[in-house]
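The values are calculated or read from the model by the stated rules, or taken from the named source; none is laboratory data. Being a predicted model, the structure only gives us computed values, none of them experimental. As a convention, Cβ positions derive from the backbone with ideal geometry for all residues, glycine included, and neighbour counts pool all protein chains shown. Side chains included, ligands, DNA and RNA excluded: accessible areas come from the protein's heavy atoms. Shrake-Rupley method; radii C 1.70, N 1.55, O 1.52, S 1.80 Å.
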Amino acid sequence: MTTPMGYIKQILVIVDPTATEHPAVDKAALLAEKFHARLELFACDTKAAREMRLSSHVRANPGAPLPVNFKGELESLAVPLRARGLDVTTDTACADPLHIGLLDRIRHTNADLVVKDTHHHSLAQRTFLTNTDWQLIRGCPVPLLLTKGGKWAEVPRVVAAVDPGHVNDKPEILDHWIVEHASLFAQRLNGELHVLHVYLPMAIIGAATAVNPPMVAAATPEELALEEKNRRELVTALVSDYNVAPKNIHLELGGPAQVLPMAAARINADVMTMGAIARSGLKRIFIGSTAEDVLEKLPCDALILKPPKFGEHVAL
């Protein structure tokens with residue numbers, strides 16, 4: 001299999017020019033250095049956003065013109081990046097709804113990676129993904145890195161969240177794709193590659209569904225040990241072409257929505273690499289409630305991947 005991220009030559013950064021901090025810009029700049037890629041800083045305005053700014057401005061400065069210079073804001077972010085030797089362009093647009101404008105830009109710029117900040121609530125210590133975020137997760141045809149406020153460690157830990165049993169009905173190639181991306185991310189960032197598999201024991205699932213009505217069932221220690229052995233063999237086979245230390249292969253019992261965020265915290269993950277699943281027969285991507293819960297609670301950045309050639313086969 002060819003290296004999926006070796007082709008990253010163009011990184012599109014979606015910038016909120018009204019924000020005071022831009023972790024997406026900082027992290028995209030680091031990736032641009034590591035991949036020798038070009039950067040485009042892009043801001044997209046909407047009618048609703050303009051009306052909100054105008055209303056707020058009128059209340060605070062009645063009679064004064066509304067100052068809007070998104071291009072200038074982007075250029076102020078680009079100047080220090082260019083001083084580091086990066087090839088940086090900036091552009092702005094207006095669109096309604098916002099996600100349509102962003103997806104159009106992604107296609108027209110031939111971006112290989114899209115980077116965007118998510119919105120962090122400091123009191124609750126969790127990230128609230130906006131509707132625009134979810135539309136990008138569903139429709140972005142290239143890898144999408146959703147970043148949070150925290151900086152990456154000096155030696156970042158990049159985690160590949162895999163499901164080699166395919167119990168969630170994702171194509172087999174996607175697990176390999178996830179590991180390929182996570183591996184190359186870790187290599188370029190001089191970081192550590194970790195692999196995480198969260199599962200519910202089949203012995204428990206089978207016993208619980210064999211009765212009517214279904215009930216919670218217990219598995220014997222021998223059954224659990226055998227399944228862990230089998231699962232570990234599947235994961236080990238999946239990553240056999242990669243230099244993954246045995247201590248960096250993590251198997252966790254439980255439901256993904258609860259366990260993935262907790263495992264990411266225990267591993268001290270900087271980036272969790274996850275797959276988005278396209279069900280057959282549907283024209284657009286969707287992620288179920290489990291993945292939504294995971295992304296809302298995840299304590300680190302998330303790199304969201306589609307199956308290879310997703311953009312060629314899925315109509316938005």
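Take the conditions buried (at least 17 other Cβ atoms within 10 Å of the Cβ), β-branched (V, I, T) and at pLDDT 85 or above and apply them to T127. Does it pass?
Numbers: buried (at least 17 other Cβ atoms within 10 Å of the Cβ): yes; β-branched (V, I, T): yes; at pLDDT 85 or above: no.
No.
Taking the stated definitions as given, is L184 modelled with pLDDT of 90 or more and touching a Gly at 6+ places or on another chain (Cβ under 8 Å)? Show your work before the answer.
Values: modelled with pLDDT of 90 or more: yes; touching a Gly at 6+ places or on another chain (Cβ under 8 Å): yes.
For L184, the condition - modelled with pLDDT of 90 or more and touching a Gly at 6+ places or on another chain (Cβ under 8 Å) - is met.
Considering only residues that are touching a Leu at 6+ places or on another chain (Cβ under 7 Å), in a loop (DSSP other than H, G, I, E, B) and at pLDDT below 95, look in region 144-168 and name the one that is most open to solvent (accessible area, probe 1.4 Å).
So, considering only residues that are touching a Leu at 6+ places or on another chain (Cβ under 7 Å), in a loop (DSSP other than H, G, I, E, B) and at pLDDT below 95, the one most open to solvent (accessible area, probe 1.4 Å) is G165.
Which is at pLDDT below 80 and open to solvent by less than 70 Å² (accessible area, probe 1.4 Å), of R105, R53, R59? First the steps, then the outcome.
Working: R105 fails: at pLDDT below 80; R59 fails: open to solvent by less than 70 Å² (accessible area, probe 1.4 Å).
Unique residue meeting the criteria: R53.
For region 272-301, enumerate the residues that are modelled with pLDDT of 85 or more, out of contact with any Cys (no Cβ under 6 Å at 6 or more places or on another chain) and not charged (D, E, K, R). Full working, then the answer.
Here is the first cut: in region 272-301, the ones modelled with pLDDT of 85 or more are 272-275, 297-301.
Still in the running and out of contact with any Cys (no Cβ under 6 Å at 6 or more places or on another chain): 273-275, 297-301.
Scanning region 272-301 gives T273, M274, G275, L298, P299, C300.
What about E233, is it at pLDDT 90 or above and in a helix (DSSP H, G or I)? Lay out the reasoning, then the answer.
Values: at pLDDT 90 or above: yes; in a helix (DSSP H, G or I): yes.
It is true that E233 is at pLDDT 90 or above and in a helix (DSSP H, G or I).
Report every pair of residues separated by at least 6 positions or lying on different chains whose Cβ atoms are under 8 Å apart, first residue within region 6-23 and within 19 Å of R188 (Cα to Cα) and outside any loop (DSSP other than H, G, I, E, B), second open to solvent by 40 Å² or more (accessible area, probe 1.4 Å) and at pLDDT 80 or above.
Pairs found: Q10/R38; Q10/N110; I11/R38; L12/R105; P23/G149; P23/G150; P23/K151.
State all residues of region 132-162 that are hydroxyl-bearing (S, T, Y) and farther than 20 Å from P261 by Cβ; if no residue qualifies, say none. So that I can check it myself, show each step before the final result.
The initial filter retains those residues of region 132-162 that are hydroxyl-bearing (S, T, Y), namely 132, 147.
Correct list: T132 only.
Which condition number in (1) open to solvent by 40 Å² or more (accessible area, probe 1.4 Å); (2) farther than 25 Å from G191 by Cβ; (3) at pLDDT below 70; (4) not β-branched (V, I, T) is the one that M1 fails?
(2)
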